[in-house]
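Working notes, beginning with the structure itself.
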Amino acid sequence: MLKFSYCNATDLNQALVQCRFAGSFGPLSSRRRSPRAVVSCSRSNLTPIQAVLSCQQQVGSDPVESELGSLADRLRLGGLTEDGLSYKEKFIIRCYEVGINKTATIETIANLLQEVGGNHAQNVGFSRDGFATSPTMRKLHLIWVTARMHIEVYKYPAWSDVIEIETWCQNEGRIGTRRDWILKDVATGEVIGRATSKWVMMNEDTRRLQKVSDDVKEEYLVFCPREPRLAFPEENNKSLKKISKLEDPVQYSRLGLMPRRADLDMNQHVNNVTYIGWVLESMPEEIIDTHELQTITLDYRRECQRDDVVDSLTGPELAEGSEIHGTNGSATAITREDDLDCHQFLHLLRLSSDGQEINRGRTEWRKKRT
Amino acid sequence: MVATAATSSFFPITSSPDSIDSKNKKLGNGSTNLGGIKLKPSASSGSLQVKANAQAPPKINGTTVVMTPVEGFPSEDAASSLPPRTFINQLPDWSMLLAAMTTIFLAAEKQWMMLDWKPKRPDMLIDPFGIGRIVQDGLVFRQNFSIRSYEIGADRTASIETLMNHLQETAINHCKSAGLLGDGFGATPGMCRKNLIWVVTRMQVVVDRYPTWGDVVQVDTWVSASGKNGMRRDWLVSNSKTGEILTRASSVWVMMNKLTRRLSKIPEEVRGEIEPHFMNSDPVVAEDNRKLVKLDDSTAQYVRKGLTPRWSDLDVNQHVNNVKYVGWILESTPLGIVESHELCSMTLEYRRECGRDSVLQSLTAVSGVGNLGNMGEIECQHLLQLEEGSEIVRGRTQWRPKNAKSFGKMDQVPAQSA
C-alpha cells in the first residue's frame, strides 16, 4: 500500500507520523490544533441513508489548514468528533469489494480500517507518507510497526451498504500505542464490528524494537482520550488472548504463496492486509463454504518482502478441557459446549525457505445464516 | 468468454422527467462524437439544480451531487452566479424550490455545514454515497469515486486495477439504477427467459493521467450497439474538480446462451428492450484492430508461473473477477518497465473464465521500443493461460516513460548556455 507523500514543513512543531500499517495512525503531533470538523452522524436509527458533511473551519491565515483544504478533504464524508479525540468516516461498500458470500470480505474491512486510520492522521494534520515521523523519531530513525491486529465482525455489510467507522488511538503501556475502531451500519445504527491494533516502535535501520520515549509519547497524547477508551472493554476479551504457535504436523496447509506486485507497499514490504488473505488460504474449504469469519487475531512477527515465498498453515485450536470430535475424517475442535456452530483455528505463516515465523493468528468462525 | 457480474445490459430505464439533464452542456445529444466533447466538470459549486426538496446537497468524498433539474427550471452553470433573494421575489410559485436553493447557497457559503439529510424520494437519484445517477437523457450513468489510500500503486497514483474496478462498479450500478439486476448478469427479462447473458470479449483502456490519492474522479458510462449482435460499453473518467479527461475505455460484449455456452444473436424481443438505451455514438477509444498474437514458451521473454486465485479474487459466482487478470498480466511484465514507465494503453481479449482451483501462468514479450514515433514508449504482448494450456486472456500494453510530459519540455531546452 502506498502512501501519499505530503509535506507540511512549515511548522516545526508539526510532527509527521510514520505508519507501518499503511496509513494507520501512530503518534500525533505536538502541535495543538483546535478540533476541526464536527462530524458525527446522528445516532438515530431511522433514516436509511444519512449524508453528513464534514465542516472544516477555515482558519484563514494558517498555511497548513489551507493546504489541507482541498476539495477531497473538505468534502470527505468524515471528520473529527466534537471533542476532537476520535475520528469518524462513512464508507459505501463497492461491488468489487464483495466476495463469495455476497458480503464485504474481511480484507475489505481491513482496508477500510486502514483507510480511516490514515484519514484520521491526515485530518489532524499528519501526512500519510510512509516516512512521516515526528522530529524526535526521525532523528532517532524510529518507525511504528504493527504488532497485533484483532478484528471482530458481527455482521458483514453487503454491496452498497453504508458503514460508519470511528477510530481513535491511545497510549499502551511503555512500549506501544494502540488504535481502536468501531464499525456501525449507518442504516440501522447497530455495531457490526470492532477492532483494535497494537503498535510498537522500531529502529528503522537495525529493525529492533525500542521503548517509546517520553518525549515521543508527549507528542501524541494530546490527541488521545484522557481516560482509557477501549473498543474491547470487557475483561478477558479475545483481543488479549495469547496465540499459541502451531506445531507440526499441521492439519491444513497451502504452500508456496507469493506476494503480488499489488501487495507491496512503497518500501517493498508486504502490506498487512495481504497476510489476512494468506491466513485464509489454508482454511479448509468445508468451513469456508458453511461458516463466516467472526474473529481474526494476527500477531505480526517478521516482515515479508517481494521475493519471499510463504507457507500458510492451519489447525484447530483446542481449548482446555475440550474434546476432539472426528467428523468425516477431519477433526475439528468444538470448544463451546452450547455452540456447536462455532469453530476456532490457529494459523501460522512462515517462510518456505527456512521456516521462520512471519505471523501467527487465530480465527473464529460462525455458521452462516442462510 | 467471460461473463461477469458486472456486465452491463440494457433494460428499460424508468425515466422520469426529472432525469433529463437537458440544460447542461455535457455529452451532447447522443449523435455527437463523444470523444471530442469536453466533459463539463461537476465542480464543487456548480450545477446545483434542485428538485422540489428543501434539503442541502450531500457530499461524499469530494463528489458533488448534481441534482437533476426539474424540467423547465432554468439551470445555472455556476451556482454562485444566482442571486437567491431576488429570485425568490420574482417567482413566488417556486417558493419551495427557492427555499431549497437558498438553503443550498447558505450552506455553500458556510462551506459545507454539517447537516443531516434524508432523501425524501428514492427516485430522485441523489447520490450521497457515490451510488451514481443517470444523466444525459437517461442514457448515461455517472458516479464519482474518491481514491482511497489502499488503491494507490507503487508510484502513489491509482493503480490500473483501481481504475478498472471503478469501471466495473459503474457498469453494475448503471444496471442497478435502471432497475434491473435480476440474475446478477444484468440480463433483461427477455434475456432471462431465453437463458441469455452478456459476456465481455474485448476491452480497451487508454490512460492519459492517473489520479492520485485524494482525487475525486467522475466516471460516465453508456452503451451502444456493436455490429448487429453485440453491445459496446464505453467509459469516460475525468477529474471531478478540473474536468480533465483521465481515462477512456471501451468494451465489447456479445450475447451467449448460458446453458449451451454458444454465442447467440440478439432476439427481436430483447432488441426491443435494449435498443432504446443505446446511445448513438462513436467509440470513446479508437479501436485498435491489430491482431493480438498468442505467445508461447519460445516467444515469451518473461514467464510467471504458479498464479493462483485467492478467496478475495472471486466474485459472487466463484469466478475470478475480470480485473484480477490485469494484475496477473502485470506480474510477468519486467520490473524495469513497471518502475520507469506507466501503462498508457491496454487492449485485452477475454477467452475463458477461471475459478478457484485454476493455476495460471502469465507470459510477456516486449514487442516494441520507441514505437509510434514516441520516444521511450514500449509495447508488450501478454498471455494469461492455465498451466495446462487454455487461454484466459490475451493482451497488449503500451507504456510511456513516467513524467513523459516533462520529458517533452526538456527536449526544448537549449543545448548549451555559456
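Read the figures in this text as sums done on the coordinates, not as results from a lab. What you are looking at is a predicted structure, and each value in this text was computed from that prediction instead of being measured. Because the Cβ atoms are built from the backbone with ideal geometry, glycine has one as well, and the counts that use them run over all protein chains shown.
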Problem set entry | Rg(Cα) / (2.2 N^0.38 Å) computed for region B:122-287, rounded to two decimals | 1.07
Seminar exercise, completed: Counting sequence-distant residues (5 or more places) and residues on other chains, those with an amide H built under 5 Å from that of A:CYS304 are A:VAL270
For this session: Write down the Å³ per residue value for the convex hull defined by the alpha carbon atoms of region A:172-248.
Result: 181 Å³
For this session: Report Rg(Cα)/(2.2 N^0.38 Å) for region B:273-382, keeping two decimals.
Result: 1.28
Seminar exercise, completed: Going residue by residue through region B:330-345, the Karplus relation 6.51 cos²θ - 1.76 cosθ + 1.60 with θ = phi - 60° gives ³J(HN,Hα) values, rounded to whole Hz and with x marking Gly or Pro, of 6, 4, 9, 6, x, 4, x, 5, 5, 7, 9, 10, 10, 5, 10, 7
Exercise. Using the Cα gyration tensor of region A:71-236, with a ≥ b ≥ c the square roots of its eigenvalues, what is the shape: rounded (a/c below 1.5), prolate (a/b larger than b/c) or oblate (neither)?
Worked result: prolate
Seminar exercise, completed: In Å, the C-alpha Rg and Dmax of region B:217-343 are 18.6, 52
For this session: Within region A:279-311, which residues have the backbone N less than 14 Å from the label spot 7 Å out from B:GLN318 along Cα→beta-carbon, could you tell me?
Result: A:285-291
For this session: Quote the relative contact order of region A:71-236 in percent (integer), defining contacts as alpha-carbon pairs under 8 Å separated by 6+ residues.
Result: 24 percent
For this session: Could you list which residues have their amide H under 5 Å from that of A:LEU142, counting only those 5 or more apart in sequence or on another chain, with H placed in the peptide plane?
Result: A:GLU204
Problem set entry | Pairs from A:LYS217/B:LYS402; A:LYS238/B:LYS324; B:LYS305/B:LYS402; A:LYS184/A:LYS367 whose Cα-Cα separation, in the structure shown, is over 30 Å | A:LYS217/B:LYS402; A:LYS238/B:LYS324
For this session: For region B:193-241 and region A:247-281, compute the distance between their C-alpha centroids and round to whole Å.
Result: 32 Å
Problem set entry | HN-Hα J in Hz across region B:260-265 - Karplus 6.51, -1.76, 1.60, θ = phi - 60°, x for Gly and Pro | 8, 6, 9, 5, 9, 6
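Sort A:237-248, A:188-199 by the packing proxy (mean of other Cβ within 10 Å over each peptide's residues), most packed first. Write down the numbers at each step before the final one.
Details: A:237-248: 13.9, A:188-199: 20.2.
Output ranking for A:237-248, A:188-199: A:188-199, A:237-248.
Give the peptides B:231-238, A:153-160, A:292-299 in descending order of average Cβ contacts within 10 Å, highest first.
Put in order of decreasing packing, that is B:231-238, A:292-299, A:153-160.
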Problem set entry | Estimated FRET transfer efficiency (A:GLU247, A:ASP83; beta-carbon r; R0 56 Å; 0.05) | 0.75
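With a cut-off of 8 Å between alpha carbons and a minimum separation of six or more residues, what is the relative contact order of region B:288-403 in percent?
33 percent
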Seminar exercise, completed: Sorted largest first, the C-alpha extents of region A:197-298 along its principal axes in whole angstrom are 49, 37, 27
Seminar exercise, completed: Each residue of A:100-106 has, on average, a number of other protein chain C-beta atoms within 10 Å of its C-beta equal to 3
Problem set entry | Potential extension, A:LEU255-A:LEU230 segment - 0.36 nm per residue separation minus Cα distance | 5.3 nm
Exercise. What's the average, rounded to a whole number, of partner chain beta-carbon atoms within 10 Å of each residue's beta-carbon in B:312-318?
Worked result: 5
Seminar exercise, completed: Amide H proximity to B:LEU246 below 5 Å, modelled H, separation 5+ or other chain, gives B:VAL237, B:SER238, B:ASN239
For this session: Give A:LYS102/B:LYS228; A:LYS245/A:LYS368; A:LYS90/B:LYS258 a once-over and call out the pairs whose C-alpha atoms are over 31 Å from each other.
Result: A:LYS102/B:LYS228; A:LYS90/B:LYS258
